[in-house]
Structures are given as structure tokens and as C-alpha cells.
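What follows is a set of notes on a single structure, which appears directly below.
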Amino acid sequence: MTEEMKSMSLDELNEIAGGATKKEHPAYTHFVEYKVVAGDNLHTIAKLFGIDDWRDIFNANRDKIKDANLIQNGWILRIPQP
């Protein structure tokens, strides 16, 4: 990566890379709470609530989740709802 590229926005970098655009996520109007149980991961929780992208849950809980692969049994997560 060049010095010039380091100062570019994500959209500018995507344009250089072939016009790829970032994925649009639905607008969430409210959240419900979910208590993590043994064996859960963000993907399975997303599917349980009909969410296509587990990253929507990750982003809604960034204050708690530092590593998407490490969620703790007993945590209460905010689950976005359209």
C-alpha cells in the first residue's frame, strides 16, 4: 500500500480495486436482548433471529465483544431488529 492509498477513504480504495461497493445493511429500528448459552456463536445467533449477517450483531455489541470468535456464556447481547 502506498502512502497516498493510506490517506484514501474506503470508497476510494474500493473504486481503485475494481468498483466493489460495501454491503448495505438494513436499518434497524430496535433491539432485543439475548442471553448467550454454551455452544452459541454469532452466526448461529444471527440465524436464530433471521439476520443475514452476523456482523450486524457484532457491531451492535462492540462495547462487549472484542473478538467475534470469543463470546461468553451468560453475556446479554443486543440483537438488532428491523
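Annotations
- Rg and Dmax of the stretch 26-81, both derived from C-alpha coordinates alone, stand at 10.1, 29 Å.
- Total formal charge among the other residues, if their Cβ is under 12 angstrom from that of TRP54, Lys/Arg +1 and Asp/Glu -1: -2
Computed from the coordinates by the stated procedures, all read-outs in this text should not be read as laboratory data. Computed from a predicted structure; not experimentally measured. For neighbour counting, all protein chains shown are included, and Cβ atoms are generated from backbone atoms with ideal geometry for every residue, glycine included.
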